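For reference, the structure is listed below as structure tokens.
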There are 4 protein chains.
Amino acid sequence: MKGYAMKRIGEAGWIEKDRPKCGPNDAILRPLAVAPCTSDIHTVYEGGIGERHDMILGHEFCGEVVEVGSEVKSFKPGDKVLVAAITPEWNSREAQAGYSMHSGGMLAGWKFSNIKDGVFGEFVHVNDAEGNLAHMPEGMDYGVACMLSDMMPTGFHAAELADIQFGDVVAIFGIGPVGLMATAATNLKGAGRIIVVDSRELAFKVAKEYGATDIVDFKVAPSDEQIMKLTNNEGVDKVIIAGGDQSLFATAMKVLKPGGKIGNVNYLGTGEFIKIPRVEWGTGMAHKQIFGGLMPGGRLRLEKLARLITYGKIDPSKMITHRLEGFDKIEEAVRLMKEKPANLIKPVVIIEK
Amino acid sequence: MKGYAMKRIGEAGWIEKDRPKCGPNDAILRPLAVAPCTSDIHTVYEGGIGERHDMILGHEFCGEVVEVGSEVKSFKPGDKVLVAAITPEWNSREAQAGYSMHSGGMLAGWKFSNIKDGVFGEFVHVNDAEGNLAHMPEGMDYGVACMLSDMMPTGFHAAELADIQFGDVVAIFGIGPVGLMATAATNLKGAGRIIVVDSRELAFKVAKEYGATDIVDFKVAPSDEQIMKLTNNEGVDKVIIAGGDQSLFATAMKVLKPGGKIGNVNYLGTGEFIKIPRVEWGTGMAHKQIFGGLMPGGRLRLEKLARLITYGKIDPSKMITHRLEGFDKIEEAVRLMKEKPANLIKPVVIIEK
Amino acid sequence: MKGYAMKRIGEAGWIEKDRPKCGPNDAILRPLAVAPCTSDIHTVYEGGIGERHDMILGHEFCGEVVEVGSEVKSFKPGDKVLVAAITPEWNSREAQAGYSMHSGGMLAGWKFSNIKDGVFGEFVHVNDAEGNLAHMPEGMDYGVACMLSDMMPTGFHAAELADIQFGDVVAIFGIGPVGLMATAATNLKGAGRIIVVDSRELAFKVAKEYGATDIVDFKVAPSDEQIMKLTNNEGVDKVIIAGGDQSLFATAMKVLKPGGKIGNVNYLGTGEFIKIPRVEWGTGMAHKQIFGGLMPGGRLRLEKLARLITYGKIDPSKMITHRLEGFDKIEEAVRLMKEKPANLIKPVVIIEK
Amino acid sequence: MKGYAMKRIGEAGWIEKDRPKCGPNDAILRPLAVAPCTSDIHTVYEGGIGERHDMILGHEFCGEVVEVGSEVKSFKPGDKVLVAAITPEWNSREAQAGYSMHSGGMLAGWKFSNIKDGVFGEFVHVNDAEGNLAHMPEGMDYGVACMLSDMMPTGFHAAELADIQFGDVVAIFGIGPVGLMATAATNLKGAGRIIVVDSRELAFKVAKEYGATDIVDFKVAPSDEQIMKLTNNEGVDKVIIAGGDQSLFATAMKVLKPGGKIGNVNYLGTGEFIKIPRVEWGTGMAHKQIFGGLMPGGRLRLEKLARLITYGKIDPSKMITHRLEGFDKIEEAVRLMKEKPANLIKPVVIIEK
């Protein structure tokens, strides 16, 4: 079969591979739509997860089942399904502890385009299909369905990590697609005031549609100064970090109230240490709590987030600025993601209508 | 001073009383607006909390500070303030345990028109003013401000008790003003599907504006049957009880999934027992969890809920169907509440513009 | 193979059956020791779960692996293993929601001697072996290992459901083997005062060894009166129900403080309703929270509870009053459980030393 | 009155001061016993909280009430009482949010020998006496009672921050008196294996009595290497930091499993940043959660922890290696704390028997 792959660090391209095999608990899918992610770029052009050879890229998609193993009862060939970027082994001890995304080891629930081939191929292998597939709701747009793989669950997990409560004042750093979904999730969890920090006009515009109440352009003045001014020097109850670099943890500590929480979903790609400023962290005694974690996947989660779309509580299509058609457009979509033109938030490739 | 009072069970009317005295931690307020509550009717006409004589009624209001005690630092005469129906002693052991509403004994955080005079008087006494007042946001409508005393915090607490999570399917029984606020709160907490159960056209209409996705009219067929049908016999993740009688707990158990939660904010006024059906409760082994509790009050809570109004996340004025003007209109507002015409959701009395 | 079975309601005896088959995710074990449980008696002599024919009884055991399916990587023939009475499907939506014991439906994680043959046979089938087996620690007594199937995890879950915190005053109703383990678990979670309610001398003696601080003999005076007296009319922070009948919920409500929690692990076998007294429940507003649930199973849980034994934090052998030897002694052990002599807490049958 | 005070950074000594005044919510106490804390040394000799002049030192004590304000109802002159080192304003917004120790600002619940005079004087002022005093249990040793001010609540809070669960493997760094109490608390919360890291023989000996199962002497080999070896390279579920310097956060991350939690109660006195190692923190995606916080105080907390002593669940006297008698021995006790001889864990000064 054909696939768009990382050939080696710095080089991507089309390759031929054998179709994946289906074990007793597995499913083989045919993608209906796919979306490239910043982390695909990070993986292939920056060597973010180390060297790989001829590994098919991609972890965001929806598909049609073409084969299932003997132990898979809930899905059959022809079913249209949702799949998360993270596909845990649900009987692992980590999953039993509530951290399925680390099943088999730290971050090891992330398999697509990391431990095995990703989803930019003609066929895709899904482990533990009972646990990792969900039926696609009737009539869901395939492009929107792709947002359920990573952008929505990662953004929504940010709001869960930060433990948003009714009326909270929240600062969100970085409003790319994940930060936008974190904005929508923060809004959906009942925050009172949502301050988004970025510098892109388009991002600010969409963030407002998703519930942001205040805009902080970090190019105008240091973001912590602006946030303290906006909040009458009271600071914020919660912080979400969905972009930027390590220095944001120091900024976050400055604006966070005692008892506040930081939810991080930004993959921290470089540097030896994340530095927490001692005084602003209250000498370690301020109950300023730091959480960071990979998104949860799984059938139940997919069904729950899909329900928010079905019942009109959120419209992820506001993020889809580019919609390409045909399997061979994957290459162009990846290039768009690499070049990030100003009018881009998220591209999708519709393989089959 | 003048006040509209419960003279005895079955009789309400105007009385004269001494102005309340202000201790070191107290404040004396002048009401700017008040609202009658179903429980005022329950108190005076059904003897819901037992006999009382010449007790001024009412627990929903906003006001202006006229006097503060020596230990009150954050408020001064002339300040316009929000006050919750529940005014705990914040240094009690119950408050320290997280249950301020039970400070001094079960339900004893409820003082207005229960343990002492209520708010339908020319002056109102507030204990622990530092902990129980909040500054009214600039420009807030006084009628809306009254919704922060009880309707919003009680409805929002229901959603907290039921522990609403992203994408949950939720059934809400009873959509009077508290149930409507519970609907809005459930929506604000990220529920996926919100099934409201009632029989009143007007309530259904407003519930939809607050986020309800499905309507169940219990006069058409048993509500549990309708809910199971709507959910493909899967049932619901969470239940909120905001009205009706004890039998709803049995109905709730029938539609609730294992691991589900019931949040009750309905004051259960009569009967010896609440009956939980053994088989539907999984012989006590189904993790169908039962919560019921009085709303929390306090300055922080008031500020957080007020923020939701200020930033446009919720508009409680959709519930205010009747707006009377003048202190002496309290009597008419109480009568409206007693008679509950079909076009009534919630009346307010604006005392001073 | 041979097995001790429920032939029909009211009749137990030895039967012959085919050895169970091993699917890709399964394991077949040979029991090393087994223990009968009150619920075995309930099942066969009281028809507690309805009619069954020639169903092998038992759900408490430890064993040796004799066969594993193709997908089982962590266990191999010859391994000695622990198994919980509850063996969920870990990739089910219920397990993903944190309620593995209800995987596939309410209480459906309970498979042994309920949905399929139990453990009183020469061979035992375990589904999802990766998720449901744990390696037995070197040198663990086989009789003690059986306590990890049900008595310890059920008793410990009671303390989790009741959410025991440092210094809590706790009342535990019923101190059969599950209640004794709940007592030990309550002690291990840091309760301050542990009041056990029962009437058996032997139970009181062992309960004290497990950390009980106060004894209430319900034959002497109503237990709620005794508890209120012991606590200076303050009542208790938490209640555990591990025995008795439905009426204990009313007793529990009487002694429970507002904000308190009830953890039930008693299988409520008869009656149409559990009755919650309205006034003591604070008209549904007292935050007296009611939890009841089947124990969690799984590899991680088994490992964690086994660690408490290995490191000397708990000694379940204090409960083992009768130790029989040989597979054919299962019959006698079941009879002991049925007759419950005064010197019995828990019998075990050692099949192989 | 007389008091032992910080005269300036680097100098301590006896001074004369006016007796503190009693406001409506306050109490004035006469100390019955006091204990010096490492942070007293830190305050006066290292300038840990900045310059102070003639500020009476000390925050650990128990006392007798000599005067109460008009609003104090639960205590009267002559009552013997417990007091925590942290004395919040319970009606503050921070306390309402569950973070009473930060009432009035970050760490501002810590008033003794920080914001106002401490407890090494003839009289001591306690704010919000209703919320901050507790009756001393009949017959409690005054030296033990002093352990309830800081050592026990801080150590126990560490176990709460780390969220110890049944059977957890826990590493505790630093077993001075706070670390020893954290060890006891970890044991009391049901940990399975408790690995303590230090280098002092006496500390190891007492730690074992409080439940430690494994000893790691960091002078023998790097502690992370030893812990990984002890745990078969699996690492630990939870980490408590109760001593040492900032570098321990890096060590902790190395030994902590994904989904694990760090509870810090070590006051981090120097350095600009706490450095979290990026790779071991899973690039911010490992759900390795970082908590650090000042102990909670208050009446309820004092009563709950005191109950653990009364009912024999913990014996803090094992830590009291030096017991001096007479108010004027405070000086010698402070010197002992400064010099820390090898046979010292904790000194107390009994002022009145």
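The values are calculated or read from the model by the stated rules, or taken from the named source; none is laboratory data. Keep in mind the model is a prediction, meaning the values are calculated, not measured. Neighbour counts are summed over all protein chains in view; Cβ atoms, including those assigned to glycine, are modelled from backbone coordinates with ideal geometry. For accessibility, only protein heavy atoms count, side chains too; no ligands or nucleic acids. Shrake-Rupley method; radii C 1.70, N 1.55, O 1.52, S 1.80 Å.
General observations
- Relative frequency of Cα-Cα separations exceeding 17 Å in segment D:131-209, percent: 49
- Accessible surface of the protein assembly as shown, 1.4 Å probe, proportion on carbon and sulfur as whole %: 48
- Relative intensity, log₁₀ I(q)/I(0), of segment A:206-288 from a Debye sum that treats every alpha carbon as a point, q = 0.16, 0.26 Å⁻¹: -0.66, -1.47
- The mean count of C-beta atoms from other chains within 10 Å of the C-beta of residues in C:270-276, rounded to a whole number, is 6.
- Legend: mean number of C-beta atoms from other chains within 10 angstrom of residue C-beta atoms, peptide D:103-114, equals 2.
- Using C-alpha pairs under 8 Å with a sequence gap of at least 6, the mean separation divided by the residue count of segment B:153-292 gives a relative contact order of 25 percent.
- Distances between copies at D:Asn233, taken between label points 7 Å from Cα along the C-beta direction, are 5.0, 5.5, 6.5 nm in increasing order.
- Here the chain D residue lying nearest the rotation axis onto C, judged by its C-beta and given with the distance in whole angstrom, is D:Lys189, 3.
- Counting only protein chain heavy atoms and rolling a 1.4 Å probe, the accessible areas of A:Lys205, B:Lys288 rank, largest first, as A:Lys205, B:Lys288.
- Fraction of alpha-carbon pairs over 63 Å apart in the protein assembly as shown - percent: 11
- Look at the alpha carbon pairs under 8 Å that are at least 6 residues apart: their mean separation over the length of chain A gives a relative contact order of 18 percent.
- Of the beta bridges in chain C, as assigned by DSSP with both residues counted there, near 50 percent are antiparallel.
- Among A:Ile227, A:Pro341, A:Val197 the positive-end extreme of the charge dipole of chain A (Cβ point charges): A:Ile227
- Percent of alpha-carbon pairs separated by more than 17 Å within segment B:196-235: 30
- Rounded to the nearest 500, the helix-only mean residue ellipticity at 222 nm of chain B stands at -7000 deg cm²/dmol, with each DSSP H run of n ≥ 4 adding -39,500 (n - 2.57).
- Segment C:124-281 - Rg over Rh from alpha carbon coordinates, Kirkwood radius: 1.02
- Using alpha carbons only, the radius of gyration of segment C:279-353 set against its Kirkwood radius gives Rg/Rh = 1.18.
- Between D and A, buried accessible area from a 1.4 angstrom probe totals roughly 3800 Å², ignoring ligands, DNA and RNA.
- Overall shape: oblate for segment C:58-161, with the ratio a/c of the largest to smallest alpha carbon gyration tensor axis at 1.5 or above and b/c at least equal to a/b.
- Taken about its Cα centre, segment B:153-292 carries a charge dipole of about 120 debye when Lys and Arg each add +1 at the Cβ and Asp and Glu each add -1 at the Cβ.
- Greater than 32 Å apart at Cα, pairs in B:Lys238/B:Lys353; A:Lys80/B:Lys318; A:Lys21/C:Lys76; C:Lys73/C:Lys340: B:Lys238/B:Lys353; A:Lys80/B:Lys318; C:Lys73/C:Lys340
- In degrees, nearest ten, helix A:330-339 long axis to first principal axis of chain A (Cα): 20
- Within segment C:212-353, the ratio Rg/Rh, alpha carbon atoms throughout and Rh by Kirkwood, equals 1.04.
- Where C:Met1, C:Met106 fall by accessible area, highest first, once all protein chains stay in place (1.4 Å): C:Met106, C:Met1
- Expected-Rg normalisation [2.2 N^0.38 Å, Cα atoms] applied to chain A: 0.98
- The alpha-carbon positions of segment C:29-109 define a convex hull whose volume is 128 Å³ per residue.
- Protein-only accessible surface order, largest first, of A:Trp14, C:Trp281 at 1.4 Å: A:Trp14, C:Trp281
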